[in-house]
Amino acid sequence: MAIRCGDCYSLLEDQDHVVLDEFNTLRHTYCGYDLVSELVQDVGTYKNIKEKYRFFSEEVK
């Protein structure tokens, strides 16, 4: 299972910088530029977000 950006739908790579919104949608930081700051839950690399939030782990069934 591969996780894609919520805006451009390209596959997320570990080194990509992403934004996590309140709906648990991941977007590249350059795709999520129009997000209201109150909706942003977390920002970081995709690898760090996967480690921090277990529901993004590709091993979870």
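The values are calculated or read from the model by the stated rules, or taken from the named source; none is laboratory data. This is a predicted model, so every value here is computed, not measured. Cβ: placed from backbone, ideal geometry, glycine included. Neighbour counts: every protein chain shown. Note: areas computed on protein heavy atoms with side chains; ligands, DNA, RNA excluded. Shrake-Rupley method; radii C 1.70, N 1.55, O 1.52, S 1.80 Å.
Looking only at residues in segment 1-15 that are closer than 12 Å to Y46 by Cβ and not charged (D, E, K, R), the one that is most open to solvent (accessible area, probe 1.4 Å) is Q15.
Of all residues in segment 16-61, those satisfying the criterion of being open to solvent by 100 Å² or more (accessible area, probe 1.4 Å), at pLDDT below 90, closer than 18 Å to A2 by Cα and not hydrophobic (A, V, I, L, M, F, W, C) are R54, E59, K61.
Among the residues of segment 2-11, is any acidic (D, E) and out of contact with any Lys or Arg (no Cβ under 7 Å at 6 or more places or on another chain)? No; the residues of segment 2-11 include none that is acidic (D, E) and out of contact with any Lys or Arg (no Cβ under 7 Å at 6 or more places or on another chain).
Close Cβ contacts (under 9 Å, 6 or more residues apart or on different chains) running from residues in segment 7-20 that are without any contact (Cβ under 8 Å) to a residue 12 or more places away in the chain to residues that are among the small types (G, A, S) comprise L11/A2.
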